[in-house]
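Below is one structure, written out as structure tokens; comments come after it.
The values are calculated or read from the model by the stated rules, or taken from the named source; none is laboratory data. Fair warning: this is a prediction, and the values are worked out from it, not measured in the lab. Heads up, the Cβs are rebuilt from the backbone with ideal geometry, glycines too, and the neighbour counts pull from every protein chain shown.
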Amino acid sequence: MKVAFINGSPRRGSGVSARLLRALEERLPGCEVSCGWGEACGAYVFAFPLYVDGIPSNLLRELVAHERGLPPGARIYAIVNNGFYEGEQNAPALAILRNWSRRAGLAWGQGIGVGAGPMLDSVPPDRGPMKALGRALDTLAANILAGAGGEDIYTRPGFPRALYKLGGTASFRAEAKKNGLSKRDVERVGL
């Protein structure tokens, strides 16, 4: 089976979306995976970060450009990640891609909404607090291999939201300090 991976992140190979596609590829033994729109495939997997509850503009342009160029009936799958704790924040972006696939005459397969995406910089998607994401990727891979669809899955880290928020605040403050902002500057904007 041929599967195309479309990395819709403006960061391309260095972002969370690329890591998620690599983790999915490991779960697709025997599949011929291509990267991009060029080949006719039975399945297309889009991975991208959430941008204001939607799809990044660079990916939207590509969707419009390729709306009629994909094989009729091909299945569309998606992995959307964000920096929020809850993966459910990605539901509007998945709905946009689902509607595009219908308009383009393609079959919706399944989507994963990944919460706490920045954690993947330090925790693999099937370890520790990200085990739920590993299970979601296993389910997505099984559906891709079977040419099947499934309910969208939303993941969040396996530890309290308050700890995630605390870690995020510490990270923001460290970045602010690195960029020459004082503690007072940071407190003024509420970080």
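Among the numbered conditions (1) touching a residue at least 40 places away in the same chain (Cβ under 8 Å); (2) touching a Ser or Thr at 6+ places or on another chain (Cβ under 6 Å); (3) over 13 Å from ALA43 (Cβ atoms), the only one that TRP108 does not meet is (3). Quick one: would you say SER17 is touching a residue at least 12 places away in the same chain (Cβ under 8 Å), assigned to a helix (DSSP H, G or I) and surrounded by 21 or more Cβ atoms within 10 Å (Cβ to Cβ)? For SER17, the condition - touching a residue at least 12 places away in the same chain (Cβ under 8 Å), assigned to a helix (DSSP H, G or I) and surrounded by 21 or more Cβ atoms within 10 Å (Cβ to Cβ) - is met. One residue alone among GLY168, GLY115, GLY158, GLY147 is modelled with pLDDT of 95 or more and closer than 21 Å to ASN82 by Cβ, and that residue is GLY115.
Of all the residues in segment 43-57, those that are part of a loop (DSSP other than H, G, I, E, B) and surrounded by fewer than 17 Cβ atoms within 10 Å (Cβ to Cβ) number 2.
The rows are residues; the columns are (1) modelled with pLDDT of 95 or more; (2) over 11 Å from the mean Cα position of the chain (by Cα).
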residue: GLU39; (1), (2): no, yes
residue: TYR44; (1), (2): yes, yes
residue: ALA47; (1), (2): yes, no
residue: VAL52; (1), (2): no, yes
residue: GLU67; (1), (2): no, yes
residue: PHE84; (1), (2): no, yes
residue: ASN90; (1), (2): yes, no
residue: LEU97; (1), (2): yes, yes
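Please determine, by comparing only the residues of segment 102-156 that are within 18 Å of LEU70 (Cβ to Cβ) and within 17 Å of the chain's Cα centre (by Cα), which one is surrounded by the fewest Cβ atoms within 10 Å (Cβ to Cβ). For segment 102-156, the residue satisfying everything is TRP108. Quick one: would you say ALA91 is within 17 Å of ILE144 (Cβ to Cβ) and either touching a Phe, Trp or Tyr at 6+ places or on another chain (Cβ under 8 Å) or assigned by TED's automatic domain parsing to the domain that holds GLY167 (or both)? For ALA91, the condition - within 17 Å of ILE144 (Cβ to Cβ) and either touching a Phe, Trp or Tyr at 6+ places or on another chain (Cβ under 8 Å) or assigned by TED's automatic domain parsing to the domain that holds GLY167 (or both) - is not met.
Scanning segment 1-14 for residues that are crowded, with 20+ Cβ neighbours inside 10 Å and not in a loop (DSSP other than H, G, I, E, B) gives VAL3, ALA4, PHE5, ILE6, ASN7. Here the condition is being within 21 Å of ARG135 (Cβ to Cβ) and of a type in the set (D, E, K, R); of GLU62, GLU39, GLU88, GLU67, it holds for GLU88 alone. ALA93 meets each of the listed conditions (1) surrounded by 19 or more Cβ atoms within 10 Å (Cβ to Cβ); (2) in contact with a helix residue (DSSP H, G or I) (Cβ under 7 Å, 6 or more places away or on another chain) apart from (2).
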